[in-house]
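Let me begin by presenting the structure, written as structure tokens, before commenting on it.
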Amino acid sequence: MFHKILIANRGEIAVRIIRACKELGIRTVAVYSEVDRDSLHARLADEAICIGPAKSKDSYLNVSSIISAAEVTDAEAIHPGYGFLAENAEFAEICENCGIKFIGPSSNNMRLMGNKIQAKKEVEKIRVHVLPWSNSGIKDEKDAMDIARKIGFPIIIKAAAGGGGRGMKIVHTPASFGNAFHTAKNEAQAAFGNGDVYIEKFCEAPRHIEIQIMADKYGNTVYLGERDCSIQRRHQKILEEAPSHILDEKLRRKMGEAAVRIASGIGYTNIGTVEFLLDNSMRYYFMEMNTRVQVEHPVTEMVTGIDIIKEQIRLAAGERLRFKQKHIRIKGHSIECRINAEDPDTFVPCPGKITSLHMPGGPGVRVDSAISCSYTVPPHYDALLAKLVVYGESRAEAISRMAMALDEMEIEGVKTNIALHRKIMNDHDFIAGKIDINFLNIFA
Ligand code: MV4
């Protein structure tokens, strides 16, 4: 096992990782930007090193500062958390070359899954369902139009280097295809330095279901059930739950086994998430694979009893998976609400100073957060204040606990989306489990 780990992140996830390290008896090194000098993650770690000015580019994305910090502190491994450098294959490769263990999959697997076209080709070989798509590659605009017509409108254009919904264009009619195709290519080139795009059949009102997997380097891979992440706005998830009440045991096993086949098929190690769309005929299609720990991992922890971050660190240290598929049981129901500092009407991030704070508690209530009273939310990073996570024996109990916890939670000084979450907990469609990716669009 490692003796010392550097955490290349900030906020609640850095705190979450420090806690896991403490339980494992591993010393921790925090890195922080100038504006995060007094932040919780820097205080909780055994050592803390300033890696640059507030702007992410100058600090949390500054590869040479982070590698230097690991070298001067003798950290054997780096945990990237989510966001920032977590899915940067070049960074993982630099770590590998410096003899620092990157806590994640191999840089090769990250590169493969980072290119959504390559990823889909690989997944097709493994015979997991994908939606009809431009699998032959797109030569020019005329070729693209022929492919789109063959697939049949509506179609969606996605960037090979995109993911998480960034750089997608939905096209409903042939007349608007040409323009959308050019715009998509140009935007992809500008945003990712790679103008490659692909075309897929557009699925109208699907659910977003993702499977958590874990793999050791001895060929053992398991799935930890699914999360339903359909409730999102502009590709920002705001509420996730486990399990999805729409899956029965049979479909859960099929999707879980499909995710495991993908991971095993590419020799994947560490933890990962395989994203699927589930259409209204209950057919599932592979979308992409995320090669990091996800924001919403706690709901899976609550229903499996497995500490995903601790397991992730053990796997990176070369340990064997400590359980087989038959040992993994999904029990009860968990919901996570992402509490953001944002304007409730415009959804624009709303940084500022917290003047009063009360966090809820009690049985089945968990709060992952790095804020405190008098803390100033800096404008330079994401606006996540806290993840409010509840557990209940049933979905109904989880919803009722979440409603109570939201009523108890008090954050003053910054605007938040707590009221929106309260409304969701009282919504008839949500309570009935009638949710798809459009839920918030039509939510009054
Ligand atoms: C789609 C889709 C419908 N049809 N692909 C978004 C995140 C990325 N991982 C995949 N995403 C989607 N891909 C096809 N062929 C719907 C989504 C999608 C979505 C689309 C529009 C608005 C909100 C959405 C939320 C989740 C998923």
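The values are calculated or read from the model by the stated rules, or taken from the named source; none is laboratory data. The structure presented is a predicted model; accordingly, all values stated were derived computationally and were not measured. Reconstructed Cβ throughout: ideal geometry from the backbone, glycine too, with neighbour counts over all protein chains shown.
A count restricted to the range 171-203 and to residues that are under 13 Å from Ala159 (Cβ atoms) and hydroxyl-bearing (Ser, Thr, Tyr) stands at 2. Set side by side, the residues Ile411, Ile435 differ, and just one is within 16 Å of the ligand (Cβ to nearest atom), closer than 30 Å to His245 by Cβ and surrounded by 14 or more Cβ atoms within 10 Å (Cβ to Cβ), which is Ile435. Taking the criterion of being under 20 Å from Asn290 (Cα atoms), in contact with a strand residue (DSSP E or B) (Cβ under 8 Å, 6 or more places away or on another chain), crowded, with 22+ Cβ neighbours inside 10 Å and touching a residue at least 40 places away in the same chain (Cβ under 8 Å), would at least one residue in the range 88-101 satisfy it? No, the conditions are met nowhere in the range 88-101. Arg19 fulfils the conditions (1) more than 22 Å from the chain's Cα centre (by Cα); (2) surrounded by fewer than 18 Cβ atoms within 10 Å (Cβ to Cβ) except for a single criterion, (1).
Does Gly219 satisfy the criteria of being more than 10 Å from the ligand (Cβ to nearest atom) and either surrounded by 13 or more Cβ atoms within 10 Å (Cβ to Cβ) or closer than 30 Å to Arg329 by Cα (or both)? First the steps, then the outcome.
Numbers: more than 10 Å from the ligand (Cβ to nearest atom): yes; either surrounded by 13 or more Cβ atoms within 10 Å (Cβ to Cβ) or closer than 30 Å to Arg329 by Cα (or both): yes.
For Gly219, the condition - more than 10 Å from the ligand (Cβ to nearest atom) and either surrounded by 13 or more Cβ atoms within 10 Å (Cβ to Cβ) or closer than 30 Å to Arg329 by Cα (or both) - is met.
Cβ-Cβ contacts under 6 Å between residues 6 or more apart (or on different chains), taken from a first residue in the range 201-217 that is closer than 30 Å to Arg322 by Cβ to a second residue that is part of a loop (DSSP other than H, G, I, E, B), are listed as His208/Ile437; Ile209/Ser244; Ala215/Tyr268; Ala215/Thr269; Asp216/Arg320; Asp216/Leu321; Lys217/Thr269.
So Asp58 ticks every box in (1) farther than 25 Å from Tyr381 by Cα; (2) surrounded by fewer than 17 Cβ atoms within 10 Å (Cβ to Cβ) but one. Which box is left unticked? Every condition holds for Asp58 apart from (1). When the range 149-187 is filtered for residues that are within 13 Å of Ser134 (Cβ to Cβ) and more than 30 Å from the chain's Cα centre (by Cα), the ones remaining, listed by number, are Arg149, Lys150, Gly152, Phe177.
Can you confirm whether Glu241 is within 30 Å of Phe347 (Cα to Cα), touching a residue at least 24 places away in the same chain (Cβ under 8 Å) and touching a Ser or Thr at 6+ places or on another chain (Cβ under 6 Å)? Let's see the steps before the verdict.
Working: within 30 Å of Phe347 (Cα to Cα): yes; touching a residue at least 24 places away in the same chain (Cβ under 8 Å): yes; touching a Ser or Thr at 6+ places or on another chain (Cβ under 6 Å): no.
Considered against the rule, which asks whether it is within 30 Å of Phe347 (Cα to Cα), touching a residue at least 24 places away in the same chain (Cβ under 8 Å) and touching a Ser or Thr at 6+ places or on another chain (Cβ under 6 Å), Glu241 comes out as no.
Note on the range 163-183: residues that are crowded, with 20+ Cβ neighbours inside 10 Å, more than 8 Å from the ligand (Cβ to nearest atom) and modelled with pLDDT under 95 amount to 1.
Give the range 141-162 a look and list any residue that's more than 10 Å from the ligand (Cβ to nearest atom) and either assigned by TED's automatic domain parsing to the domain that holds Asp279 or part of a helix (DSSP H, G or I) (or both), or say none. Glu141, Lys142, Asp143, Ala144, Met145, Asp146, Ile147, Ala148, Arg149, Lys150 - these are the residues of the range 141-162 that are more than 10 Å from the ligand (Cβ to nearest atom) and either assigned by TED's automatic domain parsing to the domain that holds Asp279 or part of a helix (DSSP H, G or I) (or both).
Among the conditions (1) within 15 Å of the ligand (Cβ to nearest atom); (2) hydroxyl-bearing (Ser, Thr, Tyr); (3) surrounded by fewer than 21 Cβ atoms within 10 Å (Cβ to Cβ), the only one that Ser230 does not satisfy is (3).
Considering only the range 62-86, state which residues are over 25 Å from Leu315 (Cα atoms) and not in a helix (DSSP H, G or I). Listed by number, the list holds a single entry, Asn62.
So, in the range 302-327, how many residues would count as being part of a helix (DSSP H, G or I) and touching a residue at least 24 places away in the same chain (Cβ under 8 Å)?
Residues flagged as part of a helix (DSSP H, G or I) and touching a residue at least 24 places away in the same chain (Cβ under 8 Å) within the range 302-327 amount to 13.
Of all the residues that make up the range 258-291, how many are closer than 22 Å to Ala316 by Cα, assigned to a loop (DSSP other than H, G, I, E, B) and within 14 Å of the ligand (Cβ to nearest atom)?
So the count comes out to 1.
Take Gly137 and tell me if it is among the small types (Gly, Ala, Ser) and either at pLDDT 95 or above or within 16 Å of the ligand (Cβ to nearest atom) (or both). Against the criterion (among the small types (Gly, Ala, Ser) and either at pLDDT 95 or above or within 16 Å of the ligand (Cβ to nearest atom) (or both)), Gly137 does not qualify.
Tally time: how many residues in the range 237-257 are within 16 Å of the ligand (Cβ to nearest atom) and either assigned to a loop (DSSP other than H, G, I, E, B) or under 24 Å from Gln312 (Cβ atoms) (or both)?
The total comes to 7.
Filter the range 383-407 down to the residues that are in a loop (DSSP other than H, G, I, E, B) and either surrounded by 15 or more Cβ atoms within 10 Å (Cβ to Cβ) or at positive phi (or both) and list them by number. The one that is in a loop (DSSP other than H, G, I, E, B) and either surrounded by 15 or more Cβ atoms within 10 Å (Cβ to Cβ) or at positive phi (or both): Ala383.
Every listed requirement among (1) outside any helix (DSSP H, G or I); (2) touching a strand residue (DSSP E or B) at 6+ places or on another chain (Cβ under 6 Å) is met by Ile138 save one, (2).
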